[in-house]
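Engineer: Quick one: the structure is below, questions incoming.
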Amino acid sequence: MKILGIETATQICGVGLAGDEGFLSDYRLCKGTIHAEHLPKAIETIIKDAGISVEDIDGIAVSIGPGSFTGLRIGLGMAKGLAMGLEKPLVAVPTMDGIVFQVPGCCEWACVMLIARKREFYQGLYRWDKDSWELEKPYRVVPEEKIGDELPEDEILVLGEGAAYWREKIQKRIKGAHFLSPTLSLPSGYAVAERGRRLLLEGQKADIDTLVPLYLKKFQGIA
C-alpha cells in the first residue's frame with residue numbers, strides 16, 4: 001500500500017509518500033502562503049522521483065486542520081481532486097496528529113502548538129498510552145498570555161511551529177518543557193501519509209463529498 005500525504009495547514013507545503021515498508025519520500029518547502037503555486041509541482045516531483053506512477057497510489061491522506069484557512073482549502077481541494085480522479089480513498093488526518101505521531105513516547109505528555117494569528121495558538125494535548133499517543137483534550141484556541149495554563153506539571157514535549165515561536169515564554173511557564181529539532185517538531189507530508197496509511201488499514205476513510213477542514217476559528221480575512 002502506498003499513500004500520498006498532503007500537508008498545507010501551516011507555512012510549510014509538504015508532500016510525502018508512505019508504504020507498507022515504511023518511509024518512501026518527503027518534500028517540505030517553507031514559503032508562507034503560496035501553497036497553490038508549489039503543491040501541484042511538488043506532487044508531480046515526488047511521485048516521479050519515487051519511481052512510481054500516480055496510478056500506483058492506493059490512497060490520499062490530507063492534513064485537515066486546525067491551521068491556515070487558505071492553506072487547508074488548497075490542500076483539501078487538491079486531495080479531493082486526486083481522490084476523485086484516481087478513484088482512491090481519501091483519509092483525513094488532524095494536523096496535530098500528523099505532528100505528534102512522528103515522535104516517540106519519550107515523555108508521558110506532548111503539547112502541539114500551532115500559530116493561529118492575533119496572539120493566539122491552536123493547542124492539542126496528548127498522552128502516551130502503551131505504544132501510541134492519545135488526544136487527552138479537544139483541540140482548542142488559546143491566547144498567548146495563557147501559555148502553559150491547564151497543562152500537566154510534568155515532563156512534556158512541546159511541538160509545532162509555536163514551540164519555536166514562543167520558546168522563551170514556554171520555558172518560563174512550563175518547567176518540564178522539552179523541545180525537539182524542527183525535523184521532528186513541524187508538519188510533514190510523510191507524517192500525514194504514514195498516519196493516513198494506518199488509519200486506512202483500520203478502515204477509516206472520509207466522505208469526499210462532505211469532508212471539510214477542521215476550523216476552530218471564524219475566517220477573519222487573512223489566513
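Engineer: Given labels modelled 7 Å from the Cα in the Cβ direction, how far is it in nm from GLN204 to THR70?
Structural biologist: 3.0
Engineer: With runs of 4+ DSSP H residues as the only contributors, calculate the mean residue ellipticity of the chain at 222 nm using -39,500 (n - 2.57) per run, divided by the residue total and rounded to the nearest 500.
Structural biologist: Roughly -9000 deg cm²/dmol at 222 nm, from the helical runs in the chain.
Engineer: Which loop trypsin sites (Lys or Arg not before Pro) in the stretch 122-223, with loop taken from DSSP, have no more than 16 other Cβ atoms within 10 angstrom of their Cβ?
Structural biologist: LYS130, LYS175, LYS217, LYS218
Engineer: Ok, one more. For LYS169, go through the aspartates and glutamates and keep the ones whose alpha-carbon is under 18 Å away, minus same-chain ones fewer than eight residues off.
Structural biologist: Within the straight-line cut-off, LYS169 pairs with GLU120, GLU144, GLU145, ASP149, GLU150, GLU153, ASP154, GLU155, GLU161.
Engineer: Can you work out the FRET efficiency for the pair GLU134 and LEU216, with r the C-beta to C-beta distance and R0 = 25 Å, to the nearest 0.05?
Structural biologist: 0.80
Engineer: Just subtract the alpha-carbon distance of ARG127 and GLU150 from 0.36 nm times their residue separation and send over the number in nm, one decimal.
Structural biologist: Full extension of this stretch gives 6.9 nm more.
Engineer: Taking θ = phi - 60°, what integer Hz values does the Karplus form 6.51 cos²θ - 1.76 cosθ + 1.60 yield along the stretch 65-72, in sequence order, with x for Gly and Pro?
Structural biologist: Karplus values, whole Hz, x for Gly and Pro: x, x, x, 5, 4, 5, x, 5.
Engineer: Where does the longest stretch of the chain lie that holds no GluC sites (Glu not before Pro) found in a DSSP loop with 10 or fewer other Cβ atoms within 10 Å?
Structural biologist: Free of exposed loop sites, the longest segment is 22-86.
Engineer: Report the local net charge at GLU21: Lys and Arg +1, Asp and Glu -1, summed over other residues whose C-beta lies under 12 Å from its C-beta.
Structural biologist: 0
Engineer: Now a separate question. Note the direction-averaged projected area, equal to a quarter of the hull surface, for the Cα convex hull of the stretch 103-184, in nm².
Structural biologist: So the mean shadow area of the Cα hull is 4.9 nm².
Engineer: On full extension of the chain, what length is gained from VAL141 through CYS30, given 0.36 nm per residue of separation minus the C-alpha to C-alpha distance?
Structural biologist: Here the answer is 37.6 nm.
Engineer: Continuing with this model, one more query. Sequence-distant or interchain residues sharing an amide H contact under 5 Å with VAL91, placed H: which?
Structural biologist: ILE60, ALA61, VAL62, ALA206
Any read-out appearing in this document is the output of simple, stated calculations on the displayed coordinates, not a laboratory observation. What you see is a predicted model, and the numbers here were worked out from it, not measured in a lab. Counting neighbours? That spans all protein chains shown, and the Cβs are built from the backbone with ideal geometry, glycine included.
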